[in-house]
Amino acid sequence: MEEGDLTIKKEVGEKRIGLFGGTFNPIHLGHLRGAEEIREAFNLSEVVFIPAAIPPHKMAEEVIEARHRLEMVRLATGTNPHFSTTDIELLRSGKSYSIDTIRYFRERCRGSLFFILGGDAFVEIETWKEFQNLFSLCNFVVMTRPGSQKNTLTSSLPKSLTHVFRYDQEIGAWIHLSGYTLYFKEITFLDISSTKVRDSIERGESVRYLIPAEVEAYVKGHGLYQRNR
């Protein structure tokens with residue numbers, strides 16, 4: 001089965017929840033389109049957007065206040081009945097670690113969890129807190145660009161993880177010893193990044209069609225990302 005054709009069926013009454021964490025500094029259309037395609041492909045009941053408080057891989061001074069990022073995510077996701085937002089990581093003191101968030105949802109949610117992340121983030125997975133334990137807690141979905149499908153063990157996984165996964169040719173995904181699955185799923189690639197959005201705003205350029213109109217209005221109304229803010 002080609003990864004681009006991957007569609008996961010769900011049992012009647014089963015609730016599937018996607019967990020989509022990130023700095024969202026700011027949230028843009030690439031985030032939203034990716035989440036929607038993953039929701040549809042994996043038959044997710046809901047995708048929960050989880051803004052990070054202090055991301056461990058980013059300099060704190062590069063990230064605007066959490067309250068602004070949270071509100072922009074709420075504005076961006078408000079019109080999609082399958083999207084929701086939580087401030088769970090913002091309420092937790094210290095840096096935001098995905099393993100703590102996954103454990104939080106495991107304790108409180110019934111159903112299947114799918115942790116969603118980008119290919120760039122997955123490349124750094126070995127630097128994440130307790131990364132070897134992550135895949136025994138829930139399913140993972142890595143969003144990839146068109147043409148970048150990874151079909152071999154050596155190209156898909158860090159060497160430190162190869163001994164705990166096996167490739168299932170039938171479903172085109174990796175099965176962890178725990179029984180949870182790691183999927184690589186191609187999505188429509190929109191060449192948009194939060195860095196590009198911030199740079200455009202700082203230069204006084206238009207960000208229309210890069211971020212939702214509601215987010216653009218919020219950014220302007222609060223003078224965010226401007227050179228002399």
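Nothing in this text is a laboratory measurement; each read-out follows from the coordinates by a stated rule. The structure presented is a predicted model; accordingly, all values stated were derived computationally and were not measured.
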Exercise for the section: Please list, in chain and number order, the residues 5+ apart from Trp128 or on another chain whose amide H is under 5 Å from its amide H, with Hs placed from the backbone. Expected result: none
Completion exercise
Which residues qualify? For Phe114, with a placed amide H closer than 5 Å and at least 5 residues away or on another chain, they are Ile17, Gly18, Leu19
Problem - At 1.306 mPa s and 10 °C, Stokes diffusion of the stretch 15-191 via Kirkwood alpha-carbon radius, µm² per second - result: 95
Practice task
For Val164 and Leu190, compute 0.36 nm times the residue count separating them, minus their Cα-Cα distance, and round to one decimal in nm.
Solution key: 6.1 nm
Problem - Rounded to 10°, Cα long-axis angle of helix 98-108 versus longest principal axis of the chain - result: 70
Completion exercise
Rounded to the nearest 5, the percent of antiparallel DSSP beta bridges in the chain equals 20
Handout entry: Phi to ³J(HN,Hα) by Karplus 6.51 cos²θ - 1.76 cosθ + 1.60 over the stretch 22-35, Hz, x for Gly, Pro
Key = x, 6, 6, 10, x, 5, 9, 5, x, 4, 5, 5, x, 4
Completion exercise
Over 26 Å (Cα to Cα) among Lys15/Lys185; Lys129/Lys220; Lys159/Lys196 -> Lys129/Lys220; Lys159/Lys196
Exercise for the section: Would you please give the residues with an amide H less than 5 Å from that of Thr85, counting only those at least 5 places away or on a separate chain, with H modeled from the backbone geometry? Expected result: Phe49
Handout entry: Karplus-derived 3J(HN,Hα), 6.51/-1.76/1.60, for each residue of the stretch 205-213, Hz, glycine and proline x
Key = 8, 5, 10, 4, 6, 9, 10, x, 4
Exercise for the section: Specify the angular offset, from 0 to 90 degrees and rounded to the nearest 10, of the alpha carbon long axis of helix 66-77 from the longest principal axis of the alpha carbons in the chain. Expected result: 70
